[in-house]
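J.: Can you read through this structure? Questions will come right after.
The values are calculated or read from the model by the stated rules, or taken from the named source; none is laboratory data. None of these values were measured; they are calculated from a predicted model. Surface accessibility is based on the protein's heavy atoms, side chains included, excluding ligands, DNA and RNA. Shrake-Rupley method; radii C 1.70, N 1.55, O 1.52, S 1.80 Å.
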Amino acid sequence: NEITMLKTAKKAGLKGPELAQFMAQTKHESWDFERLKEKPQPGVKDYYNKKYDVRYSPKVAKILGNKRPGDGERYHGRGFIQLTGRDNYRMAGQALGIDLLNHPELASKPEVAAQIAVWYWINRVKPNVTNFNDTRAVTRWINPNMHGLADRHENFKDYLNVFSATRTR
């Protein structure tokens, strides 16, 4: 999964600190490239609906464009960037020519997840970040609550070192 993500990012033109930050963020969001579906809180029945659905969490549902009962479950976080919400699935699907609204499960396939992550980065993160060495500034556009900031920054430093070493060979 990591190689798929890296190849897709490089093909899109990401390089240097931006590429390192992109890889660091996607690594964190996907639990070291191991999970392409949001992890529900253990023991919480209807977790996704309670978190994102119009019936249980109307304020969050409105922000995400979740309009119908069941949208919270249907459009929960998936992929390397944890795409969440009907509106995000619709926009990503339209941009990539993939029917994510009717087939949201496609967002958890590695090749599609990589395309979505790059699309999200180019459209949501990149226009708002001027310094890709600033993990806090980048994280704000992926996880506004700053969950996992230290891990994201450690990942970033690791990728910077790896990419610097491969450039000097």
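J.: Could you order Glu29, Glu111 by accessible surface area, starting with the largest, using a probe radius of 1.4 Å?
T.: Values: Glu29 20, Glu111 110 Å².
Sorted by accessible area, descending: Glu111, Glu29.
J.: For each pair in Lys15/Lys109; Lys7/Lys157; Lys45/Lys126; Lys51/Lys109, compute the distance between the two Cα atoms and list the pairs where it is over 27 Å. Can you show the working numbers first?
T.: Values: Lys15/Lys109 24 Å; Lys7/Lys157 19 Å; Lys45/Lys126 36 Å; Lys51/Lys109 23 Å.
Listed pairs above 27 Å: Lys45/Lys126.
J.: Here is a follow-up. Once every Cα of the range 61-123 carries one equal point scatterer and solvent is ignored, give the base-10 log of I(q)/I(0) from the Debye formula at q = 0.14, 0.18 Å⁻¹, two decimals.
T.: -0.31, -0.52
J.: Also, I was wondering about something else. From the P(r) of the range 29-169, can you give the percent of Cα pairs sitting at distances over 19 Å? All intermediate terms of the calculation are to be shown ahead of the outcome.
T.: Working: 5562 of 9870 pairs.
Counting pairs separated by more than 19 Å, the tail of P(r) holds 56 percent.
J.: Then there's this: Can you list the residues, at least 5 places off or on another chain, whose amide H is less than 5 Å from the amide H of Leu14, using H built in the peptide plane?
T.: Sorted by chain and number, the residues that satisfy this come to none at all.
J.: Output the 0 to 90 degree angle, nearest 10, between the alpha-carbon long axis of helix 2-11 and the longest principal axis computed from the alpha carbons of the chain.
T.: Approximately 70 degrees, to the nearest ten.
J.: Tell me the relative contact order for the chain as a rounded percent, counting alpha carbon contacts under 8 Å between residues six or more apart.
T.: On the way: 249 pairs, mean separation 43.8, N = 169.
Relative CO of the chain lands at 26 percent.
J.: How high is the relative contact order of the range 6-67? Use alpha-carbon pairs under 8 Å, at least six apart in sequence, and give a whole percent. The partial results should precede the final answer.
T.: On the way: 32 pairs, mean separation 8.6, N = 62.
This gives 14 percent for the range 6-67.
J.: Any chance you could check the Cα centroid distance between the range 70-85 and the range 87-133 for me, in angstrom?
T.: Cα centres, the range 70-85 to the range 87-133: 11 Å.
J.: Would you compute, from DSSP H runs of 4+ residues alone, the mean residue ellipticity of the chain at 222 nm, taking -39500 (n - 2.57) per run and dividing by the full residue count, rounded to the nearest 500?
T.: Details: 9 runs with 88 residues, N = 169.
Per the formula, -15000 deg cm²/dmol.
J.: How large is ³J(HN,Hα) for each residue in the range 140-149, as worked out from phi by the Karplus curve 6.51 cos²θ - 1.76 cosθ + 1.60 (θ = phi - 60°), to whole Hz, x for Gly and Pro?
T.: Using θ = phi - 60°, the values come out as 3, 8, 10, 9, x, 7, 6, 4, x, 4 Hz.
J.: Search the structure for amide H atoms under 5 Å from the amide H of Lys37, placed 1.01 Å from N in the peptide plane, and list their residues when 5 or more places away or on another chain.
T.: Placed amide hydrogens put Gly79 under 5 Å from Lys37.
J.: Rounded to the nearest 10 Å², what accessible area does Tyr120 have for a 1.4 Å probe in the complete protein model?
T.: Counting only protein heavy atoms, Tyr120 exposes about 30 Å² to solvent.
J.: Just to make sure I understand: if all protein chains stay in place, what is the order of Arg152, Arg74 by accessible area at 1.4 Å, largest first?
T.: On the way: Arg152 0, Arg74 95 Å².
From most exposed to least exposed: Arg74, Arg152.
J.: I need the shape label for the range 20-91. Rule: rounded when a/c is under 1.5, else prolate if a/b > b/c, else oblate, with a, b, c from the alpha carbon gyration tensor.
T.: Working: a/c = 2.77, a/b = 1.58, b/c = 1.75.
Verdict is oblate for the range 20-91.
J.: Calculate how steeply helix 110-120 sits against the longest principal axis of the alpha-carbon atoms of the chain, using the helix alpha-carbon long axis, and give the answer as 0 to 90 degrees to the nearest 10.
T.: Long axis of 110-120 versus the principal axis of the chain: about 90 degrees.
J.: On the full set of protein chains, 1.4 Å probe, figure out the accessible area of Thr166 and give it in Å² to the nearest 10.
T.: 80 Å²
J.: Still on this structure, please answer the following. Which of the three applies to the range 97-169, rounded, prolate or oblate, going by the alpha-carbon gyration tensor with a ≥ b ≥ c and a/c under 1.5 meaning rounded? Spell out each step's value before the answer.
T.: Numbers: a/c = 2.12, a/b = 1.51, b/c = 1.40.
Since a/c reaches 1.5 and a/b is larger than b/c, the shape of the range 97-169 is classed as prolate.
J.: Hey, another quick one. Long-range amide H contacts for Leu83: which residues qualify at under 5 Å (H placed 1.01 Å from N, peptide plane, sequence gap of 5 or more or a different chain)?
T.: It is Arg78, by chain and number.
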